[in-house]
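First the structure, in the form of structure tokens, and then the observations on it.
Every read-out reported here was derived from the displayed coordinates using simple, explicitly stated rules and does not represent laboratory data. Please read these numbers as outputs of a predicted model, since none were measured by experiment. Every residue, glycine as well, gets a Cβ built from its backbone with ideal geometry; the counts of neighbours run over all protein chains shown.
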Amino acid sequence: MPGQDGTRQRTNRRGVLESIGTTSVAGGLAAILAQRHIVQPVAAQTTDDRRGFVIDETADPDAIFPQSVASGGPTESGVILWTRVAPDAVIAGEPLGVQVAVDDGFETVVYEGTVPADRLSSAHDYTVKVDLDGALESARRYYYRFVYDGVATRTGRCQTLPAADASPDSLSVAVLTCQDYQNGYYGAYRHIAAEDVDFVVHLGDFIYESANGAYTSPTTDVKDGRDFDLPSGAELAESLADFRTLYRIYKGNEHLQRALERHTVIHGWDDHEIGNNRYWDADTDAPVLPDKDGGERPETAMEITADGIQAWIEYIPARVEFDSTEPDLQDQLRLWRDLQFGDLVDLTVTDERLFRDGPPCGNARLTCTDEEAQGRTMLGDEQKRYFKDWVDDSSAVWTVWANEVLTMPLTVGDGWSQAELFHDSWDGFQHERWELMQHVADAEPRNFVVLTGDLHASLAGYVEAGYGEIEPSETADRIGVELMTPAITSVNAADVVDFPGGWAADALGELAKSANDHLEYVDWHRHGYAVVEFTRDHCTYTVCGVDKDADPLDADRTTVARYRTPDGDSQLEDV
């Protein structure tokens, strides 16, 4: 059941910075992570010493805080605040101050504390996370800053959740995914920073693990100014230093920084935070990284995965559980969680990479039938039980699933000639999808909405129970809607094919709809993000297009599409 802070938790491990002794690689991925210094959020110490909060207004914050600030992990009484201090700015014995106020001028400070100097350490790349859970009021917007040696960060803005027993009139979120730094510019983030939304939901692929443009458009080179090398010299990240470098580069971008300064983010992850199309091999009890050199060798994949996880935890302010004393990684790290926005929205974030089985038939998509096999899993047994319990317990107006990959089928052909286009999506896990969606149908939440990323397209359509794949005798019943956000910058159809005047791209969308009658809207060729607003009467989905090839300062925001779903009616109305 959700706790009072709006997040389903087993234990509270706040304020623990693990420092465990060494162990052998043969102990598995859990043991590899257990030997590392994994930074956990800390509670700042209160102090009466005001010297640490005397600020030099003329100082350059970028010199001390090159990745600025961010907030995430909201509860009804706090958030997690994040920053990083430049290594060459660290002074022995100098603590880091943090202030939170109700106004951006910090006239009314409601929280003030210091982080001990020894927390600024190379062990976790000088990143700091401060957990304010229990220190703030519900449904409030606050302003915050860190102060170090007289220099203040740029001011950040954060937001707490409504109380569990509140009845908010509305909730608006910007939904983001897939932001390959080398394939485009972050004009979208300039507009996201200006959006009047309550929170940002990031569905993953915050970084891409490449330095050589491995995932950029096949028709163009790496964008100007986006070239960089990894410390290992590898083309794909293979060390902790590589992953940390990627986060420093991405979070060093001024437009991404402005958005993270302005909005509290609810983070998920996908594959590129560690390796493209990663999965877990039950036979070896180890991850597999198909694109990496040696990524199919358990020892290599374990080390790279541990590096990627550590960097993610260091650089992403997410309220997730990490317990190095657990003997198995899938018990150590728990990313799946849920949040309550009063009685208006229940939101869950699932982990669809750490437990998933491999591709059903390798590369043999057109002749594959194993995607229908019982026992194939994306969520794993414990997370699947959690998801079902969450659906059963949800009593909000809107039951919302923050889901990494496409839930709806996407196929071509009919009958025996029908083929799924993307086995990396739920089409590759059809029995488990059928089981989950049938459970939703049986539970009958008031409204069921799926928010999805990954595919680098914007889609809106109907989630159905049955789908006809597992039990053909049953007709598929509509149980909700799925709303997919486009990629911020990552490769889409327009990067591969030149669509003259846009008509050919529109025709491609119509072709997908004609072959998949549960799809209401498809756009394969625009980049940007989505804004979803929930009220007590409607859910409104707006696709915002932003050209990723334009100078961010010149990139306009256009409304590409807007659909509305009424309360109690799984219908997409074009508005």
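A few points about this structure:
- Exposure rule at most 12 other beta-carbon atoms within 10 Å, DSSP loop GluC sites (Glu not before Pro): the chain longest free segment: 108-575
- The Cα atoms of the chain define a convex hull whose projected area, averaged across directions, is 24.9 nm².
- Between the residues GLY461, PHE429, HIS538, the greatest Cα displacement towards the positive end of the dipole of the chain, with unit charges on the Cβ of Lys, Arg, Asp and Glu, is found for HIS538.
- C-alpha center-to-center spacing [segment 103-170, segment 545-575] in angstrom: 31
- Gain in span if fully extended, GLU444 to ALA86, counting 0.36 nm per residue against the direct Cα distance: 123.8 nm
- DSSP loop trypsin sites (Lys or Arg not before Pro) with at most 13 other Cβ within 10 Å: longest gap in the chain: 11-445
- Rounded to the nearest 20, the size of the Cβ-charge dipole of the chain about its Cα centre is 1320 debye, with Lys and Arg at +1 and Asp and Glu at -1.
- Taking the charge dipole of segment 135-222 about its Cα centre, with +1 at Lys and Arg Cβ atoms and -1 at Asp and Glu Cβ atoms, the residue from GLY184, CYS158, TYR215 reaching farthest to the positive side is CYS158.
- Hull volume in cubic angstrom per residue (convex hull over the Cα atoms of segment 154-285): 163
- The residue among GLY78, VAL54, GLN67 whose Cα reaches farthest toward the positive pole of the charge dipole of segment 48-90, with charges on the beta-carbon of Lys, Arg, Asp and Glu, is GLY78.
- Nonlocal amide H pairs with ASP281, under 5 Å, H built at 1.01 Å: ALA286, VAL288
- Projection of the Cα convex hull of segment 89-235, averaged over all directions and equal to a quarter of that hull's surface, yields 12.5 nm².
- In order along segment 110-127, the phi-based Karplus estimate (6.51 cos²θ - 1.76 cosθ + 1.60, θ = phi - 60°) of 3J(HN,Hα) comes to 10, 8, 8, x, 10, 9, x, 4, 6, 6, 7, 9, 5, 4, 10, 6, 6, 8 Hz; Gly and Pro are listed as x.
- Loop sites in segment 170-257: chymotrypsin sites (Phe, Trp or Tyr not before Pro), DSSP, at most 11 other Cβ within 10 Å: none
- Spin-label zone in segment 156-189 - amide nitrogen under 18 Å from a point set 7 Å from the Cα of ASP537 along the C-beta vector: 168-172
- Contact order, relative form, for the chain: 15 percent (alpha carbon pairs under 8 Å, 6 or more residues apart, mean separation divided by residue count).
- Distant-in-sequence amide H partners of GLY480 (H built 1.01 Å from N, under 5 Å): VAL463
- Electrostatic dipole magnitude of segment 292-406 [Cβ: Lys, Arg +1; Asp, Glu -1; Cα centre; debye, to 20]: 320
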